[in-house]
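The values are calculated or read from the model by the stated rules, or taken from the named source; none is laboratory data. Please read all numbers here as calculations on a predicted model, not as lab measurements. Positions of Cβ are generated from backbone atoms using ideal geometry, with glycine treated the same way; all protein chains shown enter the neighbour counts. SASA here: full protein model, heavy atoms, side chains in, ligands and nucleic acids out. Shrake-Rupley method; radii C 1.70, N 1.55, O 1.52, S 1.80 Å.
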Amino acid sequence: MSDDAEAEDERPCLHCLIGDLIDEFYAEYGSPTGEPEVIDANEIMMALAKTVAEITYDSDAVQRQGLIEDMLREIAKCEAEFRERSAREGPTSDARH
């Protein structure tokens with residue numbers, strides 16, 4: 001059991017890794033309009049949509065639709081959590097763990 005706990009402690013958070021990668025990308029390349037360190041939410045959403053489509057490509061239509069619906073529910077849940085946190089702590093862009 002201790003091996004599993006240690007392995008879980010060492011495993012990085014995928015959400016945080018993706019967030020860090022996005023930050024690094026925009027710090028290095030700026031936005032599509034050339035503005036330095038400006039994050040383009042539309043560009044990120046399109047990249048995530050393409051990634052989800054690629055990941056689910058081999059799934060049947062019903063399974064893909066279920067995954068998309070699950071993703072939409074998770075987005076809504078996270079937005080609610082961020083709104084609640086913002087109401088308590090004030091606006092913040094630091095959503096990392």
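In region 52-59, is there at least one residue being in a helix (DSSP H, G or I) and in contact (Cβ under 8 Å) with a residue 12 or more places away in the chain? The answer is yes; a qualifying residue exists.
Within region 21-35, residues that are outside any loop (DSSP other than H, G, I, E, B) reach partners that are of a type outside the set (A, V, I, L, M, F, W, C) with beta carbons closer than 7 Å, at six or more positions or on different chains, in the pairs Tyr26/Glu37; Ala27/Glu37.
Kindly indicate whether Tyr57 is open to solvent by less than 70 Å² (accessible area, probe 1.4 Å) and of a type in the set (Phe, Trp, Tyr). No: the conditions fail for Tyr57.
Looking only at region 26-40, residues that are among the aromatic types (Phe, Trp, Tyr) and open to solvent by less than 80 Å² (accessible area, probe 1.4 Å) come to 1 in all. Checking each residue in region 78-94 for being assigned to a helix (DSSP H, G or I) and open to solvent by less than 100 Å² (accessible area, probe 1.4 Å) picks out Cys78, Glu79, Ala80, Glu81, Phe82, Arg85, Ser86, Ala87.
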